[in-house]
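So the structure is just underneath, and the comments pick up after that.
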Amino acid sequence: MLHTFVAYVEDKPGVLTRVASLFRRLNINIISLTVGRSEREGLSRMTIVCEASAEAGHRIRASLFKLENVVDVDDIAQAPSVTRELALIKVAATPQTRGRIFDLVEVFRARIVDLTSESLMIEMTGVESKIEGLIEVLREDEGRILEICRSGKMTMRRGHHVSSVERAMGVSSGEAEAAEEVPEDDVTTPIE
Amino acid sequence: MAHKGNAKTKENGDAAAPKAGAESREHQAPPARLTGAEILWATLAGEGVTDVFGYPGGAILPAYDALRKFPIRHVLVRHEQGAAHMADGYARASGDVGVAIATSGPGATNLVTGIATAMLDSIPIVCITGNVSSKVLGTDAFQEVDITGITLPVTKHNFLVNKTEDLAHALRHAFQIARSGRPGPVLVDITKDAQQATAEFDFEAAKPKPYRPHPMLRVEESGLAAAADLIRDAKRPVILAGHGVMESGAMEQVRTLAERAQIPVGLTLLGIGGFPASHPLCLGMMGMHGEAWVNHAIQEADLLIACGMRFDDRVTGRLTEYAQKANKIHIEVDPAEINKNVKVDVALVGDLREVLEMLLPRIAGRDGAAWIKTIEASKGAVAVSDIKNLPDSGHLYAAHVMHDLWRMTGGDAIIVTDVGQHQMWEAQYYHHDHPRTLITSGGLGTMGYALPAAIGAKFACPEREVWVIAGDGGFQMTAAELATIVQEKLKINIAVINNGYLGMVRQWQEFFYERNYEATPLVSPDFVKLADAHGIPGRAVRERSEVEAAVKAARSAPGAYLLNFLVEKEDSVYPMIPAGSALHEMIRRPDRDPLEERADDK
Ligand SMILES: Cc1ncc(C[n+]2csc(CCOP(=O)(O)OP(=O)(O)O)c2C)c(N)n1
Ligand SMILES: [Mg+2]
């Protein structure tokens with residue numbers, strides 16, 4: 001099954017290697033990995049997506065926590081969450097052929113962020129399937145796509161969520177447990 | 001003991017105290033400007049280190065130059081692998097952190113086997129390496145290797161320090177990591193310029209943040225209650241005691257549990273010593289070369305209480321047929337071990353001693369007599385016909401050697417074994433009543449471990465009788481450390497179990513490869529002469545009748561002594577569960593063993 005881990009890691013040299021090495025050792029392919037600054041000072045946030053057996057989730061999370069530079073790990077699993085990916089797509093287009101692409105961009109609710117006489121660049125945010133959809137339609141015209149850059153998935157749980165670290169640091173277990181289970185009606189209205 | 005320190009906080013200290021250890025030391029001098037080299041030793045001294053094992057070279061020379069100013073004894077090894085094993089043996093014997101030091105490049109890579117050995121057995125060691133100057137880091141400079149990269153998967157954590165002002169903190173953090181939670185090796189790689197430059201040194205200020213226990217530790221009321229219910233209702237329970245018993249200092253608690261609920265105890269190889277072999281409830285070692293009755297008891301059990309052990313494949317055999325009838329309670333400090341190999345019914349994830357302290361008040365007396373009787377009966381004939389009980393026919397079996405060594409040392413020596421058949425015979429025939437008296441490489445199975453690890457153990461426990469038991473193969477892997485023994489004037493007794501083969505591999509060839517003894521017959525030097533060349537006396541032993549006098553001679557010699565036991569060449573370790581087989585599918589000693597003594601022998 002597909003696992004999505006969200007990890008807060010120290011923003012230090014070598015930390016990415018340690019995390020990646022853990023998956024390498026288990027011979028698990030990382031499908032996507034995004035890293036960037038987080039709301040916490042000195043900590044980066046990673047979203048790691050991988051394919052592994054259902055039982056592997058617990059062990060991967062426990063093993064991630066054993067890494068000295070890993071501060072918090074959440075296994076999103078099936079919990080209500082929002083996942084997005086950003087894609088930059090450069091396509092060949094002349095003033096004559098642009099119109100059709102403008103229409104497509106409109107339909108997919110993407111944006112044009114760069115325009116020259118031979119090419120244009122599309123920026124699109126969305127769930128994976130939506131991005132794949134746009135790419136597929138663009139591919140129908142042979143040779144049109146020049147470059148694709150995709151960020152990989154970024155995932156965040158919906159609603160208010162207390163991290164396991166805060167729990168470990170003393171938020172009383174009853175409270176934290178309750179907060180972890182996001183009640184259905186507490187879920188912010190999904191956008192799509 | 002030469003050592004002092006936090007070791008004891010683990011075994012005798014307050015269970016509630018953080019395991020981080022060594023918090024305050026007397027030499028907290030006011031902040032001073034020191035070189036990185038001085039900071040290194042000052043920090044080690046502050047952490048309670050009195051002995052380090054190492055080998056110098058260019059990139060670590062600034063550190064060596066500063067050593068004379070500090071009250072730390074440096075033991076010059078003959079190969080850096082030896083340094084890592086010595087630090088490891090020191091840690092296993094004392095319960096404290098062992099320290100090894102080496103130069104960059106080849107010095108650092110030579111440590112790797114020793115680091116991996118410590119990793120797989122969860123042994124707290126700190127390895128210090130020098131590296132090239134930070135300006136040339138990553139340029140393939142002379143003797144540069146990426147040792148933090150190389151050791152990443154075989155250390156609990158490692159540090160690359162290229163700024164003097166970061167050094168004290170990195171080192172103190174390294175000690176904290178090595179000894180906390182599930183212990184393990186930590187490497188600190190220090191560039192040469194970081195050793196040479198100066199920085200303000202303040203031991204107190206370099207203290208790491210308080211140790212944060214693994215966030216997935218979990219011992220819940222409901223789990224404790226469920227465990228207590230399972231124990232109360234079990235008809236055929238077995239306690240599986242592992243290395244964690246020693247690491248957590250839970251010997252008393254395990255014993256109380258066993259005695260109160262009358263539950264027999266099986267031991268893993270590294271669990272030996274955690275529960276007294278002479279205790280009526282002690283079954284002995286389980287697993288691949290475990291006693292038949294232990295493995296049978298596990299297969300028949302309706303409850304396994306796994307205490308600080310990880311269901312290694314050498315212990316379980318084929319997993320699909322492992323202890324099918326048993327509920328399982330797993331008490332373990334590493335959450336990543338839960339349900340890894342064996343699915344358990346109740347997981348109590350925390351420090352073993354603390355968990356047992358919580359569990360014990362819920363455990364009432366139990367009548368275990370019927371089950372214990374069943375197990376006793378299953379020992380029956382096997383125990384009596386054991387090879388050690390057979391009359392002397394002149395043949396010398398390794399089992400005889402182990403048995404006599406045990407008898408003559410009163411089971412009180414620290415035995416450091418190598419890896420192979422002799423290691424299993426030691427585990428079967430030398431009965432350990434006390435923790436930290438068997439020092440052996442379990443998880444990695446590192447040949448060449450015994451001699452250097454024994455040196456480490458002797459430094460940790462100079463008053464104790466220390467024996468090396470090594471095969472003719474493994475002994476030759478690190479025999480150069482004989483010179484270290486002489487240089488350091490150590491009293492260590494060495495028993496080479498010389499069967500002319502890489503015996504354990506030969507045994508596999510005999511059982512599973514049609515006796516194709518490819519690359520296992522072994523020509524060795526005359527070990528007695530080899531010892532003699534080092535100034536170490538010794539003698540060869542060919543018959544059982546000579547064993548006693550030889551062991552006496554070794555024990556009464558003022559310095560090191562080597563005994564070359566020329567044992568049966570093609571003896572095998574029984575019983576044996578072939579790799580991948582189930583625990584009950586064991587190979588027994590053949591009824592008509594061609595090696596077995598007969599009345600007409602001599
Ligand atoms: C460094 C290393 N290389 C290879 C092995 C594989 N191995 C395991 S036991 C063994 C034979 C050991 O022979 P010896 O030291 O003579 O001991 P014996 O089994 O004969 O008692 C070998 C080669 C190992 N465990 N470690
Ligand atoms: Mg041999």
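Could you please let me know if B:A453 is in the same structural domain as B:T417 (by TED's automatic domain parsing), within 23 Å of B:T50 (Cβ to Cβ) and hydrophobic (A, V, I, L, M, F, W, C)? Against the criterion (in the same structural domain as B:T417 (by TED's automatic domain parsing), within 23 Å of B:T50 (Cβ to Cβ) and hydrophobic (A, V, I, L, M, F, W, C)), B:A453 qualifies. Inside the stretch A:41-60, residues that are open to solvent by 50 Å² or more (accessible area, probe 1.4 Å) and in a loop (DSSP other than H, G, I, E, B) make up a count of 4. Restrict the check to the stretch B:71-94 and report whether at least one residue is surrounded by 24 or more Cβ atoms within 10 Å (Cβ to Cβ), β-branched (V, I, T) and in a helix (DSSP H, G or I). No: the stretch B:71-94 contains no residue that is surrounded by 24 or more Cβ atoms within 10 Å (Cβ to Cβ), β-branched (V, I, T) and in a helix (DSSP H, G or I).
Just to be sure before I move on: is B:R182 among the basic types (K, R) and open to solvent by 30 Å² or more (accessible area, probe 1.4 Å) in the structure I sent?
Judged against the criteria, B:R182 is a match.
Candidates in the stretch B:309-330 are the residues that are touching a residue at least 40 places away in the same chain (Cβ under 8 Å) and under 21 Å from the mean Cα position of the chain (by Cα); of these, the one that is surrounded by the fewest Cβ atoms within 10 Å (Cβ to Cβ) is B:D313. Sub-9 Å Cβ pairs linking a first residue in the stretch B:507-522 that is more than 17 Å from B:M576 (Cβ to Cβ) to a second residue that is part of a helix (DSSP H, G or I) and basic (K, R), at least 6 apart or interchain, are B:Y517/B:R506; B:P521/B:R506, ordered by first then second residue. Tell me yes or no: at least one residue of the stretch A:1-9 is modelled with pLDDT of 95 or more, open to solvent by 60 Å² or more (accessible area, probe 1.4 Å), more than 12 Å from chain B (Cβ to nearest Cβ) and within 22 Å of A:S151 (Cα to Cα). The answer is no; no qualifying residue exists.
If you check B:T139 against the conditions, is it polar (S, T, N, Q), over 29 Å from B:M86 (Cβ atoms), surrounded by fewer than 24 Cβ atoms within 10 Å (Cβ to Cβ) and not assigned by TED's automatic domain parsing to the domain that holds B:G456? So B:T139 passes the test.
Tell me, yes or no, whether the stretch A:34-43 has at least one residue that is of a type in the set (D, E) and more than 14 Å from chain B (Cβ to nearest Cβ). Yes.
Could you please let me know if B:L356 is hydrophobic (A, V, I, L, M, F, W, C) and either open to solvent by 40 Å² or more (accessible area, probe 1.4 Å) or modelled with pLDDT under 95 (or both)? No; evaluated as a whole, the condition is false for this residue.
If only residues of the stretch B:195-226 that are within 16 Å of B:D351 (Cα to Cα) and either away from every other protein chain (no Cβ under 14 Å) or without any contact (Cβ under 8 Å) to a residue 24 or more places away in the chain (or both) are counted, the one that is most open to solvent (accessible area, probe 1.4 Å) is B:E221. Each residue in the stretch B:547-602 was checked for being of a type in the set (D, E, K, R), modelled with pLDDT of 90 or more and out of contact with any strand residue (DSSP E or B) (no Cβ under 9 Å at 6 or more places or on another chain), and 4 pass.
The set of residues from the stretch B:152-169 being buried (at least 22 other Cβ atoms within 10 Å of the Cβ) and more than 11 Å from chain A (Cβ to nearest Cβ) comprises B:V161, B:T164, B:L167, B:A168. Taking the numbered list (1) open to solvent by 80 Å² or more (accessible area, probe 1.4 Å); (2) at positive phi; (3) of a type outside the set (S, T, Y) in turn, A:G152 passes all entries but (1).
When you check B:A582 against the structure, is it within 25 Å of B:A479 (Cα to Cα) and not assigned by TED's automatic domain parsing to the domain that holds B:H296, yes or no? So B:A582 does not fit the description; no. Listed by position, the helices (runs of 4 or more DSSP H) inside the stretch B:120-221 whose residues that are under 29 Å from the mean Cα position of the chain (by Cα) and modelled with pLDDT of 95 or more number at least 1 are B:147-151, B:164-179.
Conditions tested, residue by residue: (1) within 14 Å of chain A (Cβ to nearest Cβ); (2) touching a Ser or Thr at 6+ places or on another chain (Cβ under 6 Å).
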{"residue": "B:E321", "(1), (2)": "no, no"}
{"residue": "B:A326", "(1), (2)": "no, no"}
{"residue": "B:I331", "(1), (2)": "no, no"}
{"residue": "B:P335", "(1), (2)": "yes, no"}
{"residue": "B:L352", "(1), (2)": "no, yes"}
{"residue": "B:G365", "(1), (2)": "no, no"}
{"residue": "B:G368", "(1), (2)": "no, no"}
{"residue": "B:W371", "(1), (2)": "no, no"}
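Determine whether the stretch A:65-78 contains at least one residue that is assigned to a helix (DSSP H, G or I) and either open to solvent by 50 Å² or more (accessible area, probe 1.4 Å) or closer than 25 Å to A:E10 by Cβ (or both). There is at least one residue in the stretch A:65-78 that is assigned to a helix (DSSP H, G or I) and either open to solvent by 50 Å² or more (accessible area, probe 1.4 Å) or closer than 25 Å to A:E10 by Cβ (or both). Residues that are β-branched (V, I, T), under 25 Å from the mean Cα position of the chain (by Cα) and within 29 Å of B:H434 (Cα to Cα) do not occur anywhere in the stretch B:500-513. The conditions of being at pLDDT 95 or above and touching a Lys or Arg at 6+ places or on another chain (Cβ under 9 Å) are not met by B:A533.
For the stretch B:442-458, the set of residues classified as open to solvent by less than 10 Å² (accessible area, probe 1.4 Å) and more than 16 Å from ligand 2 (Cβ to nearest atom) consists of B:P452, B:A453, B:A454, B:I455, B:G456, B:A457, listed by residue number. Residues that are away from ligand 2 (no atom under 16 Å from the Cβ) and touching a helix residue (DSSP H, G or I) at 6+ places or on another chain (Cβ under 9 Å) were ranked within the stretch B:411-426; the one that is nearest to the other protein chains (Cβ to nearest Cβ) is B:V416. Selection within the stretch A:79-94: residues that are among the hydrophobic types (A, V, I, L, M, F, W, C) and assigned to a strand (DSSP E or B). The member of this set that is nearest to the other protein chains (Cβ to nearest Cβ) is A:V82.
Here B:V254 does not qualify as within 14 Å of chain A (Cβ to nearest Cβ), aliphatic (A, V, I, L, M) and under 29 Å from the mean Cα position of the chain (by Cα). Out of B:V154, B:V186, B:V238, B:V161, one residue alone is β-branched (V, I, T) and closer than 30 Å to B:I372 by Cβ. It is B:V238.
The values are calculated or read from the model by the stated rules, or taken from the named source; none is laboratory data. What you see is a predicted model; the values in this text were computed from it and never measured. Every residue, glycine among them, receives a Cβ derived from its backbone with ideal geometry; neighbour counts consider all protein chains shown. These area figures cover heavy atoms from the full protein model, side chains too; ligands, DNA and RNA do not enter into them. Shrake-Rupley method; radii C 1.70, N 1.55, O 1.52, S 1.80 Å.
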